[in-house]
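Have a look at the structure below before the remarks.
The values are calculated or read from the model by the stated rules, or taken from the named source; none is laboratory data. Small disclaimer: the values here were computed from a predicted structure and weren't measured. Positions of Cβ are generated from backbone atoms using ideal geometry, with glycine treated the same way; all protein chains shown enter the neighbour counts.
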Amino acid sequence: MKIAREGVPFIVIGLGILAAILAVSLTAGGWWWLVVVLWAPIAVWVPFFFRDPDRPGDRGPDVAVAPADGRVVSIDEIDEPSFVHGRVRRVAIFMNVFNVHVNRYPTDGTVAHREYRKGRFLNATLDKASDLNERMTLGIDSPRGPIVIHQIAGLIARRIVTDHHPGTPVHQGERLGIIRFGSRVELLLPPDVTLLVSVGDQVRSGQTVIGKWTS
């Protein structure tokens, strides 16, 4: 299983603590075995959280694939003032702690805009999290025009990692970054895109087709 590089320190710490607790329990016994039973699932979950599987799928300039694993929690149309400067269709995806948290680019293109905003850490399932929470915004010049990705921190997520800076060519399905531990990612597409997902759908980053240009 491939592991995201950001997870290595957490995995080492988790397994180190488990080894230490095991060593103590072998000599002290008693309630220390209960500590082992309680900690072992956490030590196993940490590498599971940071897994980074390959995601082959539909590719091409006429489709936009999901930037994140998770559940579609809202779809609406809004004004985007920072990069598109116009109307966009917004698809919001909530990632829980069991989803893959590596984010991926929905299309080919070039990173043309990057903007970090400090904010709060509200529940990422709420629409107001988009406006109030800590957020990284990426604007991509794609073959079909400008698109935007928002990486949004959540109630538990306290670290947004974004790999690329303006001027970087990027590819559909390529790693964009990662958010720890449970969060929200929004994909903002032009109004002429036909959306192929609905609220409540489960999507997979780099694989599920979110929208398609038909003309």
Check: Which one of Leu155, Leu188, Leu126, Leu122 is surrounded by 14 or more Cβ atoms within 10 Å (Cβ to Cβ) and at pLDDT 95 or above?
Finding: Leu188
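So that you can scan it fast, the table gives a plain yes or no per residue for (1) aromatic (Phe, Trp, Tyr); (2) modelled with pLDDT under 85; (3) touching a Phe, Trp or Tyr at 6+ places or on another chain (Cβ under 7 Å); (4) more than 30 Å from Ile210 (Cα to Cα):
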{"site": "Gly7", "(1), (2), (3), (4)": "no, yes, yes, no"}
{"site": "Leu22", "(1), (2), (3), (4)": "no, no, no, yes"}
{"site": "Gly30", "(1), (2), (3), (4)": "no, yes, no, yes"}
{"site": "Gly57", "(1), (2), (3), (4)": "no, yes, no, no"}
{"site": "Ala64", "(1), (2), (3), (4)": "no, no, no, no"}
Item checked: Evaluation of Arg55 against (1) surrounded by 15 or more Cβ atoms within 10 Å (Cβ to Cβ); (2) in the same structural domain as Gly177 (by TED's automatic domain parsing); (3) of a type in the set (D, E, K, R) (one fails), failing number -> (2)
Notebook entry, point to check: Does at least one position in the range 22-32 carry a residue that is surrounded by 14 or more Cβ atoms within 10 Å (Cβ to Cβ), of a type outside the set (Asp, Glu) and touching a Ser or Thr at 6+ places or on another chain (Cβ under 9 Å)?
Noted result: yes
Checklist line | Search result, residues across the range 72-91 that are at pLDDT below 95, under 17 Å from the mean Cα position of the chain (by Cα) and surrounded by 18 or more Cβ atoms within 10 Å (Cβ to Cβ) | finding: Val73
Check: What are the residues in the range 11-66 that are in a helix (DSSP H, G or I) and not hydrophobic (A, V, I, L, M, F, W, C), if any?
Finding: Gly14, Gly16, Ser25, Thr27, Pro41, Pro47
Item checked: Ala40 small (Gly, Ala, Ser) and more than 24 Å from Thr208 (Cα to Cα) -> yes
